[in-house]
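This report refers to the structure that appears directly beneath it.
Each value in this text was obtained by applying a stated rule to the coordinates, not by laboratory testing. In this text, all values refer to a predicted model and were calculated from it rather than measured experimentally. Here the Cβ is made from the backbone with ideal geometry for all residues, glycine too, and neighbour counts use every protein chain on show.
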Amino acid sequence: MLSDYLSPISNQLIEEVNSYVDMRLGSKIAFYTKKNFPELKNNVSIAIFGVCDDTGAINNEGAGTSFFNIRSELYRLYAGNWHLQIADIGNIKKGATQNDTHFAIQEIISFLIKNNIIPIVLGGSQSLTYAMYRAYDNLEQTVNLVSVDNKFDLGQLDNELNSRCYLSKIVMEQPNNLFNFSNIGYQTFFNAQEEIDLIEKLYFDCYRLGVVNKNIALVEPILRDADLVSVDISALRKTEAPANNNTTPNGFYGEEMCTILRYAGISDKVSSLGIFEYNEKLDDKKQTAQLIAQMVWYFVEGVNFRIKEYPFGSKKEFVKYIVPIDNDTINFYKSNKSDRWWMEITNNKFKKETLIPCAYEDYLEANNQNIPERWWKTLRKLT
């Protein structure tokens, strides 16, 4: 029973939600209360839970102590014209050890994903991303991880797991199910040049904050190909999110982060989301709680409008464009439903066609006889 790992929602929040009018989001949520655990199978599409563990939250002790304000701000928002059912299944309390907390996360996320339920995890240290990744071990699939963060958080493999070194353990430790890692919003002066070079050497994708600021649509194909999305609140500007000890003057604006979360929601492939490093004791006038609530709202909005394209749909629903480049060709596919683009890789060790999300700009680049960077990097990982 999942309830063995979780504690129910507080009576104070339930009383607050019960006072809302019918159109508020809170009136449409199935809650884990002291009297009842919601029925999840067959009717729930999204499950929200918190992880009250700040272990490894470097320079942000107290992160994840409480998510009351986030829930309060989220559930007072008005719901969209949504057809999906959401459950709030409470919180994982801090375990006696870090491994205890991680085991509970893995069990819950694995169960939810197997039942086609998308978990939204509120944390706690971003090192909890490692536990979310490990939840995929029993799902027999490779994982594409996208981190929205101003740092790569590589660190050293022999360091104790924390928010600054979780990625090295994901990359190096067995079983290794990671196919691709992408970072959105890194700031060069927070990352050693050796780490930047290593990211490139591993053919991972990374997008500087300034590049995304100029054209945020560039990250949509990255999120369309993601399985797990991890958001560090320190990727936001301090003026946007004061409830984090590591936010700085530069970072994403709130509306940019909401756009990123909507892209993640629309993706047919994203199966879990984590939002980490919220520190309620630093939250001036609940500003950060309000922003996180809106981020979750936009993610749910995106999930509601998923249209089940690749890898779920048929190529018959796409228009094929063949682009000759030197002595080879790249096949592009444009969806008749959404006008989104994919490009095809055929020469790989799996001996089968692979479609990867791309942008219209990649098609134009190929027409100018330049191989798109994402096509080349993916080919190198497949061969």
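Using the Cβ of Asp22 as centre and a radius below 14 Å, the other residues enclosed give a net charge of +3, where K and R count +1 and D and E count -1.
Full extension of the segment from Ser10 to Asn213, taken as 0.36 nm per residue of separation minus the current Cα-Cα distance, would add 69.2 nm. What does the charge dipole of the range 189-325 about its Cα centre add up to, to the nearest 20 debye, if the Cβ of each Lys and Arg holds +1 and the Cβ of each Asp and Glu holds -1? Computed charge dipole of the range 189-325: roughly 460 debye.
Taking a point 7 Å from the Cα of Glu173 along the Cα-to-Cβ direction, the residues of the range 145-160 with backbone N closer than 20 Å to it are 145-148, 152-160.
Beta-bridge orientation, the chain: approximately 30 percent antiparallel, per DSSP, counting only bridges with both partners inside.
When the Cα positions of Asn250, Val219, Leu291 are compared along the charge dipole of the range 201-297, Asn250 comes out farthest toward the positive end, with charges on each C-beta of Lys, Arg, Asp and Glu.
A crude spin-label estimate for the pair Met1 and Phe189, with each label 7 Å from Cα along the Cβ direction, gives 5.4 nm. Working ranking of peptides 48-54, 364-370, 62-68, 332-338 by packing, defined as the average number of other Cβ atoms within 10 Å per residue, highest first, is 48-54, 62-68, 332-338, 364-370. Among Glu160, Glu309, Glu256, the largest mean-square fluctuation in a Gaussian network model of the chain, built with springs joining Cα atoms closer than 10 Å, belongs to Glu160. Here are several values of percent of Cα pairs over 33 Å apart: [x] 28; [y] 24; [z] 34. Which one was derived from the coordinates shown? Read-out taken from this structure: [x]. In terms of distances greater than 30 angstrom between alpha carbons, the cross-link table entries Lys151/Lys316; Lys114/Lys201; Lys315/Lys381; Lys34/Lys169; Lys337/Lys377 yield Lys151/Lys316; Lys114/Lys201; Lys34/Lys169. Electrostatic tally near Asp284: other residues with Cβ closer than 15 Å to its Cβ, Lys and Arg +1, Asp and Glu -1, net +1. Between beta-carbons, use under 11 Å as the cut-off and find the net charge around Thr188, counting Lys and Arg +1, Asp and Glu -1. Residues near Thr188 contribute +1 overall.
Provide the gained length on full extension for the span Lys93 to Lys28, in nm with one decimal, where the gain is 0.36 nm per separating residue minus the Cα-Cα distance. That pair, Lys93 and Lys28, stretches by 20.9 nm at full extension. Exposure proxy ranking for Leu218, Leu178, based on other Cβ atoms within 10 angstrom of each Cβ and starting from the fewest, stands as Leu218, Leu178.
Counted by neighbouring Cβ atoms within 10 Å, the residues Arg71, Arg134 run from fewest to most as Arg134, Arg71. Under a model in which nothing but the beta-carbon of Lys, Arg (+1) and Asp, Glu (-1) is charged, the chain shows a dipole of about 880 debye around its Cα centre.
Each Lys and Arg Cβ is given +1 and each Asp and Glu Cβ -1; about its Cα centre, the range 315-382 then shows a dipole of about 460 debye.
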